[in-house]
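Okay, so here's the structure we're looking at.
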Amino acid sequence: PVWRAAEHKGFYPHHARKNGDKRFLLVQNWVFPPFQCVLTGALDPAAPWLRGGGAGNPQARLWQKFLDMDNEGRRDVFKVICSVEDGPWLVKRALPKKPVLIGRKLGMFSYHEPDDHLEIVMDVAAGRGQQVAVGIVCGALRRLQLAFSALIEAREEEELPENVLFGASMLHLDPSKLFCPEVA
C-alpha cells in the first residue's frame, strides 16, 4: 500500500498540483489490503462556510480547530458514516449505517501540510474483526451501492450544527477495473 497518497506521483493530489491546482486538498487514504481507496476533495476558498476562517461561522471555526489539532486530536473527532444502500443483508449487517469516530476503531494517522493538504490514513484491516468485515464487503463490491460521508464531530454548542465535510457514493464497483499506480 501507499501510506502517503498525497505525496505519491501516482495519485490525484500530485496530478492536481502539477496542473496548477492550488486549492487545499482533503485526502482520505483507506488501506484495506489487497485494496486501497484514496478519496480526494478540494476546498473552494470562496465557499460561504469557509469565509472568515476561525472567526467565521461554526463550521469554519471547527474546520480550523481540526486543522490545528495533532494526530490524536483528529483521531478523536473524525467521524464517518458508511452505509450499504443496496446489497445483501449480510453485508449491510457487517457495515451498519451509523456514525463512527473512526480513529477510535481503526489505526488512523493524519498528516497536515498547512495551506496545501490534510491527509487522513485509515488502516482498515488492522484487527481481526475489521479483516472479516472488509472481506465480506469487498467480496460483494460488484453487487453493492455504498454511500460514505465524513464529518468533524462538534463537541461544543458553538460548533453546531455538524455538516458533511466530504461525501461519496459507489455503485457496483468492479475492483478488477480499477487503476493501480506504481508503488515504487
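The figures follow:
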{"quantity": "Any hit, the stretch 52-59, residues being on the phi > 0 side of the Ramachandran plot and not in a loop (DSSP other than H, G, I, E, B)", "calculated": "yes"}
{"quantity": "P13 vs. criteria loosely packed, with under 15 Cβ neighbours inside 10 Å and either closer than 30 Å to K177 by Cβ or not hydroxyl-bearing (S, T, Y) (or both)", "calculated": "no"}
{"quantity": "Members of the stretch 1-60 found to be over 25 Å from Q130 (Cβ atoms), touching a strand residue (DSSP E or B) at 6+ places or on another chain (Cβ under 8 Å) and among the small types (G, A, S), listed by number", "calculated": "A16, A42"}
{"quantity": "Residues being touching a residue at least 12 places away in the same chain (Cβ under 8 Å) and part of a helix (DSSP H, G or I) - total across the stretch 40-51", "calculated": "2"}
{"quantity": "Every residue from the stretch 1-39 that is without any contact (Cβ under 8 Å) to a residue 60 or more places away in the chain, in a loop (DSSP other than H, G, I, E, B) and of a type outside the set (D, E)", "calculated": "N19, G20, K22, R23, P34"}
{"quantity": "Subset of the stretch 62-103 [small (G, A, S), in contact with a helix residue (DSSP H, G or I) (Cβ under 7 Å, 6 or more places away or on another chain) and closer than 16 Å to V121 by Cβ]", "calculated": "G103"}
{"quantity": "Unmet criterion (only one of (1) touching a Gly at 6+ places or on another chain (Cβ under 8 Å); (2) of a type in the set (G, A, S); (3) surrounded by fewer than 16 Cβ atoms within 10 Å (Cβ to Cβ)) for A60", "calculated": "(3)"}
{"quantity": "Pick from the stretch 136-184, criterion touching a Gly at 6+ places or on another chain (Cβ under 8 Å) and charged (D, E, K, R), ranking: surrounded by the most Cβ atoms within 10 Å (Cβ to Cβ)", "calculated": "R143"}
{"quantity": "Residue match in the stretch 34-44 (condition: loosely packed, with under 14 Cβ neighbours inside 10 Å and either over 25 Å from L178 (Cα atoms) or among the acidic types (D, E) (or both))", "calculated": "yes"}
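Read-outs: derived from the displayed coordinates by stated rules, not from any lab. Keep in mind that this is a model prediction, so the values were computed, not measured. Note: ideal-geometry Cβ built from the backbone for every residue, glycine included; neighbour counts use all protein chains shown.
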